[in-house]
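Single-structure report; data block below.
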Amino acid sequence: MELLNLEGKDDRDVIFTVFGLNDLQKSIFQELEDHKLTVQEVASRVDRNRSTVQRALQELMEKDLIMREGRTDQTVYYLYTTLPLDDIKDLTRDALDDWHEQVKSKL
């Protein structure tokens with residue numbers, strides 16, 4: 001029995017599956033890789049409204065996949081980016097290890 005079919009999937013596909021990212025969260029994650037963007041810039045790139053993107057960014061931060069950095073230029077604003085991929089891979093391994101232990105304790 002295959003719980004997670006890995007055929008044809010790369011590391012990002014596995015990360016997206018483990019953390020249960022929806023299509024919008026995946027798109028945002030991909031836009032933020034190697035970039036620091038504001039909410040409005042992300043919204044423009046993924047063609048969604050600002051409040052929808054803000055909610056998705058918050059969910060990604062709660063999953064520890066992205067981070068934000070405060071900036072000041074007449075007003076305070078935030079730039080969002082992904083954590084380094086190696087850190088995200090470590091988080092993914094930890095999440096899988098935790099899940100595995102939970103499954104073992106149920107059997």
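Going by a ≥ b ≥ c, the root eigenvalues of the Cα gyration tensor, does the stretch 60-106 fall in the rounded group (a/c under 1.5), the prolate group (a/b larger than b/c) or the oblate group? Provide the component values of the computation, followed by the final result.
Details: a/c = 7.53, a/b = 3.13, b/c = 2.40.
It comes out prolate by the Cα gyration axes.
Think of the chain as a dipole: +1 on every Lys or Arg Cβ, -1 on every Asp or Glu Cβ, centred on the Cα centre; then among F29, N5, V46, V46 lies furthest on the positive end.
In sequence order, the stretch 18-30 has phi-based couplings of 4, 8, x, 6, 7, 4, 5, 4, 4, 4, 5, 4, 5 Hz under the Karplus curve 6.51 cos²θ - 1.76 cosθ + 1.60, θ = phi - 60°, and Gly or Pro positions carry x. Once the gyration tensor of the Cα atoms in the chain is diagonalised, the equivalent ellipsoid follows with semi-axes of 30, 15, 12 Å, ordered largest first. How would you classify the stretch 22-81 from its alpha-carbon gyration tensor, with a ≥ b ≥ c the square roots of the eigenvalues: rounded for a/c under 1.5, else prolate if a/b is greater than b/c, otherwise oblate? Prolate shape, in that a/c is at least 1.5 and a/b is the bigger ratio. Taking amide hydrogens as placed 1.01 Å from N in the peptide plane, the amide H of L83 sits under 5 Å from those of I66, M67, each at least 5 positions away in sequence or on another chain.
In straight Cα distance, which lysines are under 25 Å from K36, not counting same-chain residues fewer than 8 positions off? Partners found: K26, K63, K89. Cα to Cα, under 15 Å, and not fewer than 8 places away if on the same chain: which aspartates and glutamates meet these conditions relative to K106? Reachable aspartates and glutamates: D97, D98.
State, as an integer percentage, the relative contact order of the chain based on alpha-carbon contacts under 8 Å between residues 6 or more apart.
On the way: 83 pairs, mean separation 28.3, N = 107.
In percent, rounded to a whole number, it is 26.
Counting only Cβ charges, +1 for Lys and Arg and -1 for Asp and Glu, the dipole size of the chain around its Cα centre is about 440 debye. The HN-Hα couplings worked out from phi for the stretch 89-100 by the Karplus form 6.51 cos²θ - 1.76 cosθ + 1.60 (θ = phi - 60°) are 4, 4, 4, 5, 4, 4, 4, 5, 4, 4, 4, 4 Hz, whole numbers, x standing for Gly and Pro. With contributions of -39500 (n - 2.57) from each DSSP H run of at least four residues, the per-residue ellipticity at 222 nm computed over the chain stands at -18000 deg cm²/dmol.
Just so you know, all these numbers are worked out from the coordinates, no wet-lab data involved. Source: prediction; values computed, not measured. As a convention, Cβ positions derive from the backbone with ideal geometry for all residues, glycine included, and neighbour counts pool all protein chains shown.
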